[in-house]
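The values are calculated or read from the model by the stated rules, or taken from the named source; none is laboratory data. Not measured: the values here are computed from a predicted model. For neighbour counting, all protein chains shown are included, and Cβ atoms are generated from backbone atoms with ideal geometry for every residue, glycine included. All accessible areas refer to the heavy atoms of the entire protein, side chains included, with ligands and DNA or RNA removed. Shrake-Rupley method; radii C 1.70, N 1.55, O 1.52, S 1.80 Å.
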Amino acid sequence: MVHLFRTAAAVWLAAAFAGPAAAQAPSWRMQYRCDDGSRLAVSFDHEASPSMAWIGHGGLSAGLTASTDPSVYTAARWTLRTSGNQAALENTGAGPRHCTGDGPLQRLVVDRETRLRLALPASWLSQRYLVHLVRGADAQVLFPAAELVVVVEYQPQAPSLRSHPLLQLVVLPPQRWQALQQRPKQMPLQRLGQEFGRVYGAALDGQHPYPAGSADAQTFEVMRAALAEPPQDLQSSFGWLGVDEGGRRATLAGRLAWRGRPALKRGDELVVQLLDTSRPDAGAAVLAEQRMPASRDTPGYALQYEAGQIDPRGRYAIVARVVRDGRLRYATEGAQPALTRGAAARPRVMLTAARGTPAPAEGGLVCQGHEPDWSLRLWDSRSTLQGPTARPLQLRGAWERIDHLQPRVAVWRGAPATARTPLVAMLSQEHCVDAMGEEGEAPSSHRAVVSLPDGRIVSGCCR
């Protein structure tokens, strides 16, 4: 049987023999949420010279090179500008997307030769672990036929205790992996994937190397659990530089249906989106999008999303729309629940005739304000008003945009079934700061002035 884990002393000797290859410049991974609802993942690869930023956005991945300004990364079509937890992503022919860090910075284990990338849990303290990269003959001492072994080694707090491996990543030729599969009892590795003519595997140490009840025993177990349990398990944390940079992808397939016989024309575009609606105080974040020519014969959709972004406790929804020459022709009324308990396995999205123009931001834009407290969630043709009325109001209406004004203005006009007086919300596309919000909170993407059905005027911010 192949014994993958050696003593900490053996690991250290192998790493020492590896020489300069064992040293690793710090690289980092950051997740951003952009003002249009989309998400941006960036792996800052400082092992490269010059440094690189590998971006994942909307299912696309690209490598950008640092310019003379270390906060600016460029490629043929893309420019990324960073400042603290803020970033701006520009694409040739389109305006910049302004993005804000969403989640903690994560340390990356990177090997540029094999393109290996592993995001370590953000909860780990840097003084509690070391990372060693072991190559060639020294790697084969740890695992036969290995091209590379990455050892993540726990550093104990008690000076009398020895360090011990938490995790080993192994890069093997495919034929060696196939040979191991013929002897399953001797297979110590979890297969993470195959790419670039190599198989990538990993093993977590199953031992409890420290005295029961000690601080090191507890810390070691917590760190190991952060690698083994969702949402930061090994499979979702592992990847390759520039390949699915946003994360491991999954597919949600469903059906399309039309209310009545749709009057479609050549050039009509159908857009289907998977949205994260988990935060009641924020707009819906776009996790996946599919665009295709609109046809009543199109049976369904297949949305690819980043599996690591899905929280079993979250709320997710699907919306669809048909746009013709900038006008909204068909839309879903509200959103179809998806990826939640009780949701259909193949969610059906019903499209119905709509009026107006597409929303100024992705569906599910949320506006809110104070004195009195109120919130308004805006979809394409339906909206929900909560406070200052006695109970939530469901409204039906439409968008119109005024693009020639600066900043651009969008107007949503709709009324509840129980009233004739409409609600009118005027949204200007500009940064808006909630004076009663949390300190350091990122600005919202829109400023709103709303005329309520009872005649009151309220104002606030939208995101």
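With a requirement of 3 or more residues that are within 20 Å of ARG396 (Cα to Cα), the strands (runs of 3 or more DSSP E) lying completely within the range 276-353 that satisfy it span 316-324, 327-331, 348-353. For CYS432, the conditions (1) more than 19 Å from GLY334 (Cβ to Cβ); (2) under 33 Å from the mean Cα position of the chain (by Cα); (3) surrounded by fewer than 17 Cβ atoms within 10 Å (Cβ to Cβ) are fulfilled apart from (3). Against the conditions (1) within 26 Å of the chain's Cα centre (by Cα); (2) over 30 Å from PRO453 (Cα atoms); (3) surrounded by 23 or more Cβ atoms within 10 Å (Cβ to Cβ); (4) hydrophobic (A, V, I, L, M, F, W, C), ALA343 satisfies every one except (3). Only residues that are hydroxyl-bearing (Ser, Thr, Tyr) and more than 18 Å from THR384 (Cα to Cα) were counted across the range 400-436, and they come to 1.
One residue stands out among those in the range 53-69 that are in contact with an Asp or Glu (Cβ under 6 Å, 6 or more places away or on another chain) and open to solvent by 30 Å² or more (accessible area, probe 1.4 Å): the one that is modelled with the highest pLDDT, which is TRP54. Taken over the range 300-332, residues that are touching a residue at least 60 places away in the same chain (Cβ under 8 Å) and surrounded by 14 or more Cβ atoms within 10 Å (Cβ to Cβ) amount to 13. Within the range 279-299, the set of residues being over 21 Å from VAL366 (Cβ atoms) and open to solvent by less than 20 Å² (accessible area, probe 1.4 Å) comprises ALA294 only. Those strands (runs of 3 or more DSSP E) of the range 193-258 in which at least 2 residues are on the phi < 0 side of the Ramachandran plot and touching a helix residue (DSSP H, G or I) at 6+ places or on another chain (Cβ under 7 Å), considering only elements entirely within it, cover 198-204, 249-258.
In the set (1) modelled with pLDDT under 85; (2) polar (S, T, N, Q); (3) crowded, with 21+ Cβ neighbours inside 10 Å, the condition left unmet by SER27 is number (1).
For residues that are part of a strand (DSSP E or B) and closer than 16 Å to LEU64 by Cα, tally how many sit in the range 84-96. Let's see the steps before the verdict.
Start the filter on the range 84-96 by keeping residues that are part of a strand (DSSP E or B), which leaves 86-91.
From what's left, closer than 16 Å to LEU64 by Cα: 87-91.
Total meeting the criteria: 5.
Within the range 327-368, restricting attention to residues that are among the hydrophobic types (A, V, I, L, M, F, W, C) and in contact with a His (Cβ under 8 Å, 6 or more places away or on another chain), which residue is farthest from CYS462 (Cα to Cα)? The selected residue is ALA361. Residue count for the range 195-248 satisfying the condition of being open to solvent by 40 Å² or more (accessible area, probe 1.4 Å), modelled with pLDDT under 90 and more than 25 Å from the chain's Cα centre (by Cα): 4. Screening the range 366-437 for strands (runs of 3 or more DSSP E) wholly inside it with 1 or more residues that are aliphatic (A, V, I, L, M) and farther than 30 Å from GLY95 by Cβ returns the ranges 382-386, 393-402, 409-416.
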